[in-house]
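S.K.: Following this message is one structure expressed as structure tokens.
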Amino acid sequence: QVQLVESGGGLVQAGGSLRLSCAASGSIRNINAMGWYRQAPGKQRELVAGITSGGSTNYADSVKGRFTISRDNAQNTVYLQMNSLKPEDTAVYYCNLNARRRYSGTFDDYWGQGTQVTVSS
């Protein structure tokens, strides 16, 4: 079993900041990448930011310069620092893990339960 526990969502005014955390636990053998996705009402889930085990990062154009993804490999935890938040950032944010479980030969995707981020204007 692999578990992802997210925290840090909430309500913030435009221009404010929030920090999301996601801790992975369970029978994890190797982690390839971790990331954050979001889904707003009536829209498809989209990638916000990702980070590989080697530390390479990628961001959606809409968050570049405002959001920063980081990870603690020792704790299997990924963070998303969100600054200069805008109302259009309002969504449910999901943590994603691409990892290989013990005794498995394949890398699979795992998802957190989601955390609501609401930005008021």
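S.K.: Working out 0.36 nm times the residue gap between residue 44 and residue 111, then minus their Cα-Cα distance, what length gain in nm do you get to one decimal?
M.R.: Once the chain is fully extended between residue 44 and residue 111, it gains 22.6 nm.
S.K.: So, one more: What spacing in nm lies between the two simple spin-label points modelled at residue 11 and residue 66, each 7 Å away from Cα in the Cβ direction?
M.R.: Modelled inter-label distance: 2.0 nm.
S.K.: A follow-up question, please. If you plug each phi of region 62-78 into the Karplus form 6.51 cos²θ - 1.76 cosθ + 1.60 with θ = phi - 60°, what whole-Hz ³J(HN,Hα) values come out, in order, with x for Gly and Pro?
M.R.: 5, 10, 4, x, 10, 10, 9, 9, 8, 8, 10, 5, 5, 9, 6, 10, 10
S.K.: Taking the chain as a Gaussian network, where each spring joins two C-alpha atoms under 10 Å apart, which residue of 105, 15, 65 fluctuates the most?
M.R.: Maximum fluctuation in the GNM of the chain, among the listed residues, is at 105.
S.K.: Provide the per residue accessible area, probe 1.4 Å, for the chain, rounded to a whole number of square angstrom.
M.R.: 53 Å²
S.K.: Which percent of Cα pairs goes in each bin when the distances of the chain are cut into 10 angstrom slices starting at zero?
M.R.: The percentages, shortest bin first, are 14, 47, 29, 9, 1.
S.K.: Starting from one equal scatterer on each C-alpha and no solvent at all, send me the Debye-based log10 I(q)/I(0) for region 1-51 at q = 0.15, 0.23, 0.32 Å⁻¹, two decimals.
M.R.: For region 1-51, the Cα-only Debye profile gives -0.58, -1.10, -1.25.
S.K.: Something else now. Residue 29 to residue 56: extension gain in nm, 0.36 nm per residue of separation minus the Cα-Cα distance?
M.R.: 7.7 nm
S.K.: I would also like to ask the following. For region 15-27, just list the computed ³J(HN,Hα) in residue order, Karplus coefficients 6.51, -1.76 and 1.60, θ = phi - 60°, integers in Hz, with x standing in for Gly and Pro.
M.R.: x, x, 10, 9, 10, 9, 10, 9, 10, 9, 8, x, 7
S.K.: If you don't mind, another one. Can you pull out the chymotrypsin sites (Phe, Trp or Tyr not before Pro) in region 1-104 whose DSSP state is coil and whose Cβ has at most 13 other Cβ atoms within 10 Å?
M.R.: Listed in order of number, the matching sites are 103.
S.K.: Would you pull out the residues with amide H under 5 Å of residue 48's amide H, same chain only if 5 or more places away, H placed 1.01 Å from N?
M.R.: Distant-sequence amide H within range of residue 48: 36, 37, 38.
S.K.: Another question about this same structure. Quick one: with all protein chains in place, what share of the accessible area of the chain is carbon or sulfur, to the nearest percent (1.4 Å probe)?
M.R.: Here carbon and sulfur together make up 44 percent of the probe-accessible area.
The values are calculated or read from the model by the stated rules, or taken from the named source; none is laboratory data. Computed from a predicted model, the values in this text were never measured in an experiment. Note: ideal-geometry Cβ built from the backbone for every residue, glycine included; neighbour counts use all protein chains shown. Note: areas computed on protein heavy atoms with side chains; ligands, DNA, RNA excluded. Shrake-Rupley method; radii C 1.70, N 1.55, O 1.52, S 1.80 Å.
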